[in-house]
Each structure stands twice: as structure tokens, then as C-alpha cells.
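I have placed the structure first, in the form of C-alpha cells, so that the comments after it can refer back to it.
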Amino acid sequence: MNAKVWLVGAGPGDPELLTLKAVRALSEADVVLIDDLVNDAILEHCGNARLIPVGKRGGCRSTPQAFIHRLMLRYARQGKCVVRLKGGDPCIFGRGGEEAQWLRERGVEVELVNGITAGLAGATQCDIPLTLRGVARGVTLVTAHTQDGSSLNWQALAQSGTTLVIYMGVAKLSEIRQQLLAGGMAADTPVAMIENASLPHQRECRSDLMSMEEAAHDFELKSPAILVIGAVATNEKIKRSQPAAAPTGRYAGSM
Ligand code: SAH
């Protein structure tokens, strides 16, 4: 049997948001290596597979990436059907790309299966349309956390006219606010902070760019959470500009 690893997205938490392909891969798996943002309820689909937790949460006990690589390789070479189950989508801040490359370089067949990424799910659960005709012409997914200390081009983001969806931002609220304000984003740009999106204990906190840090503090916002920043994140009725009109209105600075 060919060595094969499936890199599967478990979605944001709600088991009903799994894809049918993910369910099939789990039901056929011999071994499942599980990230710690995966909801346990999803493991019901695993049949008789051996379940191995390999969490990597920032600041907590974590499994070294090199060990996870070797584990996948070992089981695949034994001819086992290996599923690497990741929260959200495997290729959105999930190392799916690097794991696939590492395995393929060693002759292992890899199949990627999309999951619904937390940013998209969180927005939808809060009735936030990430793009909206006349309001937001696009959406940008970014992480506030970098291992090499490199910085995003915040000015470009502030002026992009797209809705910003920020992952791993809970500990970086102060920097995010300061950089976006300095980049020219309007202080009253709406912000939604969504914790545990799609899970029964989901919570959401609405604020604006200027006040988001204090609002998150009062709300005791905890990880995992995503931030949605842009005119679409308001819970008031959204005022659409006319097509082709010059950008006007409250949030024009963020467009
Ligand atoms: N691959 C994942 C992202 C992993 S990075 C995906 O596509 O969703 C981990 C970050 O994702 C967390 O710090 C948080 O910002 C976000 N996240 C993951 N699950 C979440 C959830 N259920 N609710 C809110 N944010 C979540």
C-alpha cells in the first residue's frame, strides 16, 4: 500500500461544519494525529483509529513540530492511513503547506482536505458578511503572531478597503490598535471579537478600533478568538455607499 497522509481541516468546532470528505477520511483512518483546537465531538467520526493528541498551543505544553513530522512519516511508511486533523483549515495558519511539502519530499502521498477556517465561521456566526457590495470589496486574513518577529505592513492593511480578519490577536490588541490608527484607519471603525466561534460557548464582543482593547479587557476575551475589523463588523444597520461614489460616510477612512 502507498504511504499516504491526509491533512484534514476539522473546521472551527461545530461538528456540523465538517466536510463530508473530512468525515470519510476520519472514518477510514488507522491513526489520527489531533491538534488541540479540534473539538472532541468531531472524533466520533474516527471509528477504530488510534487517536494521538499533538497540540501546539502558544504558551502551553506543546509537541515539537519535528516530532509530529516523524510520527506522520513513521505511520505512513507502515502502510497506515494517517489523518492529521487540524482546527479550521489546514492551510490557513495551520502549517498544512509545510507539512505537505516535508512529507512529499520523502515520497509520501499527501491529500489536503479543506475545513472552514475560524475567521470565516466566526464572522458568519455573528451575522457579519465579510464582503458586502459597496462597503467591503474584499477580506484579508492575517495573523498578529509571528515567530521571527517580522511585522505586517499595517499601513497597507489600514488603507486596503478590505475587511481585516485577525487570527492570534488576543495578546496583541494594543499593537494592532496603535498600528492601524497610525496607518490611517478611522478610530470609529467597527470591531467584532469572537471567542470560540461556532461552539456552544461562543461569545462576541463589539467595539470600535479606538476602544477595542478596553472592551476586550472588560469582556475578559480569551483565546481562541478572531478579530473582525471593518465597516461590516458593526451591529448597527450598515449604510452602503452608491456604486462608483467617492468614499464618504463614517468609516471612509478605513476604506
Ligand atoms: N487553521 C486554523 C487557525 C489556527 S491558528 C483555522 O483555519 O481556523 C489559531 C488561531 O485561530 C487562534 O488563535 C484563533 O485566532 C483562531 N481560532 C481557531 N479556532 C477558533 C474558534 N473556534 N473561534 C475563534 N477563533 C479561533
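Worth a mention:
- Rotationally averaged projected area of segment 1-116 (alpha carbon convex hull; nm²): 6.4 nm²
- Simple spin-label estimate for residue 188 and residue 174 in nanometres, 7 Å along Cα-Cβ: 2.8 nm
- Residues 163, 124, 117, sorted so that the one with the fewest Cβ neighbours within 10 Å comes first: 124, 117, 163
- q = 0.16, 0.17 Å⁻¹, segment 119-233: log10 I(q)/I(0) [Debye, one scatterer per Cα]: -0.66, -0.75
- The magnitude of the dipole of the chain, with charges of +1 and -1 set on the Cβ of Lys/Arg and Asp/Glu and taken from the Cα centre, is near 640 debye.
- A simple spin-label model places the labels of residue 235 and residue 50 4.8 nm from each other, with each point 7 Å out along Cα-to-Cβ.
- Residue ranges 153-162, 226-235, 30-39 sort as 226-235, 30-39, 153-162 when ordered by packing (mean number of other C-beta atoms within 10 Å per residue, highest first).
- Under-27-angstrom lysine pairs by C-alpha in the chain, whenever the two are 8 or more apart or on separate chains: 14
- Between the exposed loop cleavage positions of the chain, defined as GluC sites (Glu not before Pro) in a non-H, G, I, E, B DSSP state with at most 13 neighbouring beta-carbon atoms within 10 angstrom, the longest gap is 1-219.
- Structural descriptor for the chain: relative contact order 19 percent, calculated from alpha carbon pairs under 8 angstrom and at least 6 residues apart.
- Taking the empirical scaling 2.2 N^0.38 Å for compact globular proteins as reference, the chain has a Cα radius of gyration ratio of 1.10.
Read-outs: derived from the displayed coordinates by stated rules, not from any lab. Just so we're clear, the structure is a prediction, and the values are computed from it rather than from any experiment. Methodologically, a virtual Cβ is constructed for each residue, glycine included, from the backbone with ideal geometry; neighbour enumeration extends over all protein chains shown.
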